[in-house]
Amino acid sequence: MTATPLVQLARPSRPARPPVALTIDGQSCTVEEGTTILQAARSLGKEIPTLCYLETLEPVNACRLCVVEIEGARVLAPACSRAVEGGMKVLTASARVRHSRRLVLELLASSVDLSTAPGLAELIDEYGAQPARFGESAPPSNDGVRDASIPGHHVVAAPGTAATVAQPVKVDNELYVRDYAKCILCYKCVEACGPDHQNTFAIAVAGRGFDARISTEFAVPLPGSACVYCGNCIAVCPTGALMATSEHELRAAGAWKPEVQQTTDTICPYCGVGCTLSLHVQDNVIVKATSPLENDITLGNLCVKGRFGWQFVQPKDAAAGEGRD
Amino acid sequence: MDIRHIDAEPTAAERDAIDALLGPPASSWDGGERGSERDAHTAVGGAAAREQRHLLVPALQALQQRIGWISEGGMGYVCRRLSVPPAEAWGVATFYALLATAPRAKRVLHVCDDIACRNRGAHAIEHELERTCGAAIAAEPRGERVALGEGDVAWMHSPCLGMCDHAPAALYTEAGESPREVLLGNVTPSSAVHALTRHDPGLDSSGTAVLPQRGDPALVLLARCGTVDPTSLDAYRTAGGFEALARARAKGAEWVIAQLNDARLVGRGGAAFPTGRKWEAVRARPETPHYLVCNADESEPGTFKDRVLLTQDPFAIVEAMTIAGFATGCNVGFLYVRAEYPLAAVRVQNAIDACTAAQLLGDFRIEIRRGAGAYICGEETALFESIEGKRGEPRSKPPFPVHVGLFGKPTVVNNVETLANVLPIVRLGGAAYAATGSQGSTGTRLFCLSGAVSRPGVYEVPFGTMLRDLLAMAGATEPTAILLGGAAGTFVRGDEIDLPLTLEDARAAGTTLGSGVVMVCGPGDDLHDMVRRIAGFFRDESCGQCVPCRVGTVRQEEALHRIAAGKTLGGVAAELALLDDVGVAMRDASICGLGQTAYSAVESAIKRLRLYEEVGR
Ligand code: SF4
Ligand code: SF4
Ligand code: SF4
Ligand code: FES
């Protein structure tokens, strides 16, 4: 994750706001009013881990990984969204802070498959999180069972096992898959599909509590939903729960090799918007298309053509690992 | 926004139910027949329709009440009428426990098996229903639904219905053209089966409050309860009603707020924030409009005082809300009453109508919004979201409601009991009011006594009354433990009853008065079971937004079940350490009060009652 407040690149400049002085881990700093603790910390070169935060989206402060201690406050505060106040004394790595972060990681890793979430294994190590302490994972649920859960009603996992969100992958269209066993419910895809970027509103958070999940209306398959396959949800998903079919299939075949992939930036050939396209190429085959988050035209977004419409430059099924000699 | 709507058509009954709420559709743009004049060249909907978003929950409730569940066609029609994307409406519909999104029987009995009722016969009712009507509607974690509840009648478990003074309790709901919702107390296995299978629940008993102090001249907040007809405006006025409003208007808004400050009134919902300061802050905000919200979403297990006030003294709440609106510059007040209190909603609506007809409210308007089965909506910002037609997910604070509240405007939120205190303060003056109680806790307080007591009910006593004396009034002879403040509160031991009931003494003793719950556990009560039920409650009621609470409440409940099953991971001490690890993170890192207090009762059972020591040996 980069340290630049990306979203500001895309917005017209605004009048400077009054300065606010605070200390972070004993270091003084002065930032503009309205700056978040996270931005202030980054200005001092301090990294605070985040999961549900993304520079191009409205903070939902749901994951609570970024919590920090503010002297005198009863509870910890989310650095990603809490604005600085004059005289604030912030601690970003106190014992209390590290405890909550470790627990957030343990709770997530014990209930969600984080195997394709970049950077999480390192964080789990760094915080000494032990997700296995809650018992072995309860058996996964069958397809559709979580979608049919009833708010306010639950069954406790068999003693000794830990409930998880494990369930079969939803493969209901040719372009991308939804593997909600990997979903940490960060709300990013909902924001990207909805008011922050795409304004399509094909998905929303449904259900409640541990049974909360990302869903279309009545959990209909994507082709029956409002989805326009822009894939902007895939672009923001921090865990790989949403994944282009090309990548999903290569991974399933054990043929996904990020270390040999090359990324080439070009301009989408389809229309006059001229989105910047990053083509991820593995063994001479395009396996994925993205747009750089920090690109001030796209903010990482594309439409269905730019995201998925590049099969014509290579043999059919090339991305799935066939058609190569 | 360009919404892709659901193709399925509503049935005639579904269309009727929605049109009865929203009026007929204007054109095919919002779900009407094609060919009307407005169809020709204009597009309607857009911003105007989206401003109706706050009607989403009432519209879904209309379907629920008419049909018994929310179908694709029905929800699709609601989405067209209100310009709501179907996925969002689905997110809302699946959030609330009393909305069904799969076919369900028209008649459902919701049987309370929460902490008060489970010790007073709930299980016998459930066994009898299981035997005669089949398994409860529930979801199974891996397989198919245990019971779809598609037959004529069905039943399900329910969290606390706010009827602990009449335990065991149940809520009967019947969908149809004349839907019925009846809250039942003192239910027996046979009366439950009768209500359901004969479609004959009898009369709602939530208004027939057990009022052990009825007629006591010392009562202030409960003075009219049980003695003045709650359905008659004349009776209320004869008993001195609307004198406070007249006085407030004569003296002016600043005077009213000064009285609240002199009275040192603090909120009775649990957070104990100074009411005068809140009112002052909203009054001073330049943005308009200002909103008033009366929080009647009383859902804390063990709490039923607001139910008594709303059903027994509804005019007082209307009068107090009008004073609050006057003092804080609000033209509209919303009263958000929990779904499980149908009679309270009827009585308050009746009071509003009568007062409006008598032109007593001036240009102040009160709208009732009914919850749909979600404890979290008692959290003030979740309540705003719910009124706005969204999932009841708490917002992060700051900004606080006095700055950015309902519909983004300055909002004053007060709990029912807090508002009830406004009337005596305006009548007596703040200083005289503050003569009762202690320095830090002025006035009287309502306590909800239930559990192992011979005279359960709502009691009004001055702050500072000893817990021992309150227990004696209710006839608690052998308390082994007392749950103070509800599921979000703490247990105290049976030998800790020499506690003056003030906010400051409770705090010093490491407990809380919270919402006024005093639930007594007797020698026959299974405390372990109660603690597990509390943990299950929080798992059910977490909104699911933040990780510490969404997963933490699950891990907490699992650990308690492991202890109960003798299948600990590394011994009881290790489980208690794990519970503490999870609990501290929930308290420190959760967004809202639900997660922050989800460990509170469990922790007190561990550290105060030392409940798990004998298990450990
Ligand atoms: S699918 Fe991905 S982006 Fe969406 S909520 Fe889950 S983890 Fe976040
Ligand atoms: S990605 Fe879509 S919007 Fe962007 S240039 Fe290509 S076709 Fe146009
Ligand atoms: S603490 Fe629980 S109820 Fe509150 S916002 Fe978080 S998940 Fe929702
Ligand atoms: S990154 Fe701040 S709460 Fe998730």
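Just so you know, all these numbers are worked out from the coordinates, no wet-lab data involved. Please read all numbers here as calculations on a predicted model, not as lab measurements. For neighbour counting, all protein chains shown are included, and Cβ atoms are generated from backbone atoms with ideal geometry for every residue, glycine included.
Which value, in nm² and rounded to one decimal, describes the direction-averaged projected area of the C-alpha convex hull of segment B:419-544? List each step's numbers first, then the result.
Working: hull surface 35.4 nm².
Result: a mean projected hull area of 8.8 nm².
Whose amide H sits under 5 Å from the amide H of B:PHE334, counting only residues 5 or more places off or on another chain, with H placed in the peptide plane?
Here B:LEU292, B:VAL293, B:CYS294, B:GLU367 satisfy the definition.
Report, as an integer, the average count of C-beta atoms from other chains found within 10 Å of each Cβ along B:580-593.
Details: counts 0, 5, 4, 1, 4, 12, 4, 4, 11, 16, 5, 6, 1, 1.
For peptide B:580-593, the averaged partner shielding equals 5.
Mean residue ellipticity at 222 nm from the helices of chain B, using -39,500 (n - 2.57) per DSSP H segment of n ≥ 4 over the full residue count, to the nearest 500 deg cm²/dmol? Before the final figure, lay out the partial values.
Numbers: 26 runs with 255 residues, N = 617.
Only helices count here, giving -12000 deg cm²/dmol.
Longer than 32 Å from Cα to Cα, which of B:LYS305/B:LYS409; B:LYS409/B:LYS607; B:LYS305/B:LYS607 are they? Say none if no pair is. Don't skip to the end; give the middle numbers.
Numbers: B:LYS305/B:LYS409 29 Å; B:LYS409/B:LYS607 43 Å; B:LYS305/B:LYS607 29 Å.
Violating the 32 Å limit, Cα to Cα: B:LYS409/B:LYS607.
Based on the alpha carbons, how large is the Rg to Rh ratio for segment A:161-231 when Rh follows Kirkwood? Each step should come with its number before you reach the end.
Values: Rg = 12.3 Å, Rh = 12.8 Å.
Checking Rg against Rh, the ratio lands at 0.96.
Residue by residue through B:552-564, how many Cβ atoms from other chains fall within 10 Å of the Cβ on average?
Working: counts 5, 2, 13, 11, 0, 5, 11, 4, 2, 5, 7, 1, 1.
Per residue, the average neighbour count from other chains is 5.
Can you flag which of A:LYS188/B:LYS397; A:LYS182/B:LYS278; A:LYS182/B:LYS567; A:LYS182/B:LYS397 are past 32 Å Cα-Cα? Each step should come with its number before you reach the end.
Working: A:LYS188/B:LYS397 20 Å; A:LYS182/B:LYS278 43 Å; A:LYS182/B:LYS567 28 Å; A:LYS182/B:LYS397 29 Å.
Exceeds cut-off: A:LYS182/B:LYS278.
Write down the Å³ per residue value for the convex hull defined by the alpha carbon atoms of segment A:244-311. Don't jump to the answer; show the numbers that get you there.
Details: hull volume 5.7 nm³, N = 68.
For segment A:244-311, the hull spanned by Cα atoms encloses 84 Å³ per residue.
Using each residue's phi in segment B:556-570, evaluate 6.51 cos²θ - 1.76 cosθ + 1.60 at θ = phi - 60° and report the 3J(HN,Hα) Karplus result to the nearest Hz, with x for Gly and Pro.
Whole-Hz 3J(HN,Hα) from phi for segment B:556-570: 5, 5, 4, 5, 5, 5, 5, 4, 5, 7, x, 10, 5, 8, x.
What ranking of B:VAL453, A:VAL20 emerges when the number of other C-beta atoms within 10 Å of each C-beta is taken as an exposure proxy, fewest first? Could you put the intermediate results ahead of the total?
Numbers: B:VAL453 23, A:VAL20 19.
Ascending Cβ contact count within 10 Å gives the list A:VAL20, B:VAL453.
Using per-residue counts of other Cβ atoms within 10 Å, averaged over each peptide, order A:152-158, B:523-529 from highest down.
On the way: A:152-158: 19.0, B:523-529: 13.7.
Result, highest mean first: A:152-158, B:523-529.
Could you give each residue of segment B:158-170 its phi-based ³J(HN,Hα) in whole Hz, using Karplus coefficients 6.51, -1.76, 1.60 with θ = phi - 60°, and x for Gly or Pro?
Result, ordered by residue: 9, x, 2, 9, x, 10, 5, 6, 10, 4, x, 10, 8 Hz.
Which of the aspartates and glutamates could be linked to A:LYS170 by a straight reach, that is with a Cα gap under 19 Å, when you skip same-chain ones fewer than 8 residues away?
A:ASP113, A:ASP143, A:ASP147, A:ASP179, A:ASP211, A:GLU217, A:GLU247, A:GLU249, B:GLU144
Which whole-number value in Å³ per residue fits the convex hull of the alpha carbons of chain B?
Values: hull volume 97.2 nm³, N = 617.
So the per-residue Cα hull volume is 158 Å³.
Going by C-beta contacts inside 10 Å, put B:MET473, B:MET530, A:MET88, B:MET466 in order with the fewest on the left. Could the numbers behind the result be given before it?
On the way: B:MET473 18, B:MET530 26, A:MET88 21, B:MET466 15.
Least to most surrounded, the residues fall as B:MET466, B:MET473, A:MET88, B:MET530.
Find how much the distance from B:ARG50 to B:GLU478 grows on full extension, using 0.36 nm per residue of separation minus their present alpha carbon separation; answer in nm with one decimal.
148.4 nm
Between A:VAL20 and residues 5 or more places away or on another chain, which pairs have amide H atoms under 5 Å apart, with H built 1.01 Å from N, and which residues are they?
For A:VAL20, the qualifying residues are A:VAL31, A:GLU32, A:GLU33.
Counting only other chains, and only Cβ atoms inside 10 Å, what mean value do you get across the residues of A:139-147?
On the way: counts 2, 2, 5, 5, 0, 1, 7, 3, 2.
The mean count of partner-chain Cβ atoms within 10 Å per residue comes to 3.
Tell me what chain A gives for mean residue ellipticity at 222 nm when only DSSP H runs of n ≥ 4 count, each as -39,500 (n - 2.57), the sum divided by the residue total, rounded to 500 deg cm²/dmol.
-4500 deg cm²/dmol
Take segment A:166-325, compute every pairwise Cα distance, and split them into 10 Å bins from 0; I just need the percent in each bin.
P(r) over segment A:166-325, rounded to whole percents: 10, 39, 35, 14, 1.
Among A:ILE297, B:ILE115, rank each residue by its count of other Cβ atoms within 10 Å, from fewest to most, as a rough exposure measure. The partial results should precede the final answer.
On the way: A:ILE297 12, B:ILE115 31.
So the residues, fewest neighbours to most, are A:ILE297, B:ILE115.
Taking every DSSP beta bridge that has both residues in the protein assembly as shown, what percent is antiparallel when rounded to the nearest 5?
Working: 57 of 89 bridges.
For the protein assembly as shown, the DSSP antiparallel bridge percentage is about 65.
Order A:203-215, A:49-61 from most to least packed using the mean count of other Cβ atoms within 10 Å.
Values: A:203-215: 26.1, A:49-61: 22.2.
So the peptides A:203-215, A:49-61, ranked by packing, come out A:203-215, A:49-61.
How long are the three semi-axes of the equivalent ellipsoid for segment B:267-367, computed from the Cα gyration tensor as the root of 5 times each eigenvalue, in whole Å, largest first? All intermediate terms of the calculation are to be shown ahead of the outcome.
On the way: eigenvalues 99, 73, 20 Å².
The three semi-axes for segment B:267-367 are 22, 19, 10 Å.
For A:GLN261 and A:VAL304, what does the FRET efficiency come to when R0 = 25 Å and r is the distance between their Cβ atoms, rounded to the nearest 0.05? Working shown, then result.
Details: r = 22 Å, r/R0 = 0.90.
E(calc), rounded to 0.05, equals 0.65.
Would you report the distance distribution of C-alpha pairs in segment B:330-426 as whole percents per 5 angstrom bin, up to the bin with the largest distance?
3, 12, 19, 24, 21, 14, 6, 1, 0
Sort B:421-428, B:560-567, B:488-495 by the packing proxy (mean of other Cβ within 10 Å over each peptide's residues), most packed first.
On the way: B:421-428: 23.8, B:560-567: 17.2, B:488-495: 21.9.
Order by mean packing, descending: B:421-428, B:488-495, B:560-567.
Starting from the 7 Å offset along Cα-to-Cβ, what nm value, one decimal, do you get for the label separation of A:ALA93 and A:ASN173?
4.4 nm
Just want to confirm a number: the relative contact order over segment B:509-609, from Cα pairs under 8 angstrom separated by 6+ residues, in percent. List each step's numbers first, then the result.
Working: 86 pairs, mean separation 27.3, N = 101.
Relative CO of segment B:509-609 lands at 27 percent.
For segment A:80-144, take the alpha-carbon Rg, divide it by the Kirkwood Rh, and send me Rg/Rh.
Working: Rg = 15.8 Å, Rh = 14.2 Å.
Result: Rg/Rh = 1.11.
If amide hydrogens are placed 1.01 Å from N in the peptide plane, which non-local residues have theirs closer than 5 Å to the one on B:TRP155?
Answer set, sorted by chain and number: B:LEU109, B:ILE137.
Report the full-extension gain for the segment B:ALA135 to B:THR231: residue separation times 0.36 nm, less the Cα-Cα distance, to one decimal in nm.
Numbers: separation 96, 0.36 × 96 = 34.56 nm, distance 3.96 nm.
So the extension gain works out to 30.6 nm.
Can you give the relative contact order of chain B as a percent, counting alpha carbon pairs under 8 Å and 6+ residues apart?
On the way: 1305 pairs, mean separation 72.1, N = 617.
Here the relative contact order equals 12 percent.
Which three extents, in angstrom, do the Cα atoms of segment B:479-524 have along their principal axes, listed largest first?
Result for segment B:479-524: principal-axis Cα extents of 32, 21, 13 Å.
At a Förster radius of 60 Å, what calculated FRET efficiency corresponds to the Cβ-Cβ distance of B:THR238 and B:ASP529, to the nearest 0.05? Before the final figure, lay out the partial values.
Working: r = 49 Å, r/R0 = 0.81.
Between B:THR238 and B:ASP529 the formula returns 0.80.
How big is chain A by Rg and Dmax over its Cα atoms, in Å?
Cα-based Rg and Dmax for chain A come out at 21.1, 66 Å.
Given an 8 Å cut-off on Cα distances and at least 6 residues of separation, report the relative contact order of chain A as a percent.
Working: 577 pairs, mean separation 41.1, N = 325.
It comes to 13 percent, rounded to a whole number.
For the protein assembly as shown, place one equal point scatterer on every Cα, skip the solvent, and apply the Debye formula. What is log10 of I(q)/I(0) at q = 0.09 Å⁻¹?
Reported log10 I(q)/I(0), two decimals: -1.00.
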